[in-house]
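Note sheet for the following structure.
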Number of protein chains: 2
Amino acid sequence: MNRIITIGRQFGSGGRELGRRLSDELGFAYYDREIVEEIAKRTELSETYVQNIIEHRPFVAFPIHIGQSFLASADPVQQQNQEIFQTQCSILNEMSEKSDCVIVGRCADYILSEKRPLRIFVYADMDSRIKRCREKQPENEDLTDREMKNRILDMDRQRSSYYEFYTGNKWSDPENYDILVNTSNLEIKAMAKMIAAAIKQ
Amino acid sequence: MNRIITIGRQFGSGGRELGRRLSDELGFAYYDREIVEEIAKRTELSETYVQNIIEHRPFVAFPIHIGQSFLASADPVQQQNQEIFQTQCSILNEMSEKSDCVIVGRCADYILSEKRPLRIFVYADMDSRIKRCREKQPENEDLTDREMKNRILDMDRQRSSYYEFYTGNKWSDPENYDILVNTSNLEIKAMAKMIAAAIKQ
């Protein structure tokens, strides 16, 4: 069976960079935005639209107390969300069958749970995350620390809602992961080498 | 500077075994019960008494709302708790200056924070922890799963209160650690080898 590493990550924690470096160190395939591209191709929706759906809180049209459930809903937006998620499940399964791989986000830890992936969650303290986001922000963007913090927390909330909506599990609960790594005090490059060495054991 | 690894752990998660194996793999000194023995020697209190104090919730004689603080208290029990904790701090500092080491529990991650230890937290799901505790229980003990679970949760609460009382930080908060490892699905022996390989990088 192929080896699968899934990476969940707080916004601004460097999880994507860690995943990319880890795949380089191990010679594993790397999947991140490729998943969005493939969903867009199969569903004939635009990449921007798909990205929007899978990075944001699912839109629940009917409150639970009137007895509507997501799956039973005839609402077209709901149906499209569901179609996108099902396509995502198929794609992740296909990708994981091709070769050893690193998959960032997309509830891959849950979707591929039967294949026993190594489930990594990447996090950091707020100061490090603000610093990392500043290094990547466009030149014309001038957010205060407070605005940047709010953006980070908002992105976390979106990831958390998305994860909890589709998996029924709490996004930040350590029980859903095998290893959690804090990138506040260690360089991502060194950390990727450390994790790769551990996996090669 | 010596390399220091501190291990916090949920009760029944195998943190002690992981620490011991890790120290063997790396050739680091290992400190766990040795700390209690040394505190007992220096304070001239019995090991059982010291163990009881440092494994249990600190006894707070005065409620905070009447303006008493732990440090200012003239209560002899409080003073003894404080003396034990200060002795513990001195011992941990001395131990960490002798050689590379692995230290299990005792708020070592906090006490030695200026020496930048690698702070590991070990956890597992409840089923694994019950199973591990059963393997180690005395032959004449016959607890139900419910009773075992309650004992585990009670030990966690004691560790958590002790840690939070002396450090002001939340025991289970990932921000207080560099790596969190889940022992539910991986053998401790293999995990120790993996972490040792990562540290040797």
request  = Give the number of residues within the range B:66-94 that are of a type outside the set (A, V, I, L, M, F, W, C) and at pLDDT 80 or above.
outcome  = 11
message = among the β-branched types (Val, Ile, Thr), within 19 Å of the chain's Cα centre (by Cα) and farther than 18 Å from B:Arg20 by Cβ: which single residue out of B:Ile111, B:Ile188 fits that description?
response = B:Ile111
query = Does B:Ile103 meet the test of being within 22 Å of B:Ile7 (Cα to Cα), modelled with pLDDT under 85 and crowded, with 19+ Cβ neighbours inside 10 Å?
reply = no
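Table: residues versus (1) loosely packed, with under 15 Cβ neighbours inside 10 Å; (2) in a helix (DSSP H, G or I); (3) touching a residue at least 24 places away in the same chain (Cβ under 8 Å).
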site	(1), (2), (3)
A:Glu94	yes, yes, no
A:Ser128	no, yes, yes
A:Glu135	yes, yes, no
A:Asn140	yes, no, no
A:Met148	no, yes, no
A:Met155	no, yes, yes
A:Tyr163	no, yes, yes
A:Lys170	yes, no, no
Boolean, B:Cys89 is assigned to a helix (DSSP H, G or I), farther than 16 Å from B:Val36 by Cα and open to solvent by less than 40 Å² (accessible area, probe 1.4 Å) = no
key: Residues of the range A:110-126 that turn out to be open to solvent by 40 Å² or more (accessible area, probe 1.4 Å) and in contact with an Asp or Glu (Cβ under 8 Å, 6 or more places away or on another chain), as a count   = 2
task = Just name the residue that is farthest from the other protein chains (Cβ to nearest Cβ) out of those in the range A:140-160 that are within 12 Å of the chain's Cα centre (by Cα) and of a type outside the set (Lys, Arg).
result = A:Gln158
key: When residues of the range A:178-201 are limited to those that are at the interface with another protein chain (Cβ under 7 Å from one of its Cβ atoms), closer than 22 Å to B:Asn176 by Cα and of a type in the set (S, T, N, Q), the one surrounded by the most Cβ atoms within 10 Å (Cβ to Cβ)   = A:Asn182
task = Hey, could you check the range B:98-126 for residues that are assigned to a helix (DSSP H, G or I) and touching a residue at least 40 places away in the same chain (Cβ under 8 Å) and say which is farthest from the other protein chains (Cβ to nearest Cβ)?
result = B:Lys98
message = Restricting to the range B:21-52, count the residues that are among the basic types (Lys, Arg) and either touching a Cys at 6+ places or on another chain (Cβ under 8 Å) or surrounded by 18 or more Cβ atoms within 10 Å (Cβ to Cβ) (or both).
response = 1
ask   = Among the residues of the range B:29-53, how many are touching a residue at least 24 places away in the same chain (Cβ under 8 Å), aliphatic (A, V, I, L, M) and farther than 18 Å from B:Val102 by Cβ?
value = 4
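The values are calculated or read from the model by the stated rules, or taken from the named source; none is laboratory data. Everything numeric in this text was worked out from a predicted model, so none of it was measured. Counting neighbours? That spans all protein chains shown, and the Cβs are built from the backbone with ideal geometry, glycine included. Quick note on the areas: whole protein, heavy atoms, side chains included, nothing else; ligands and nucleic acids left out. Shrake-Rupley method; radii C 1.70, N 1.55, O 1.52, S 1.80 Å.
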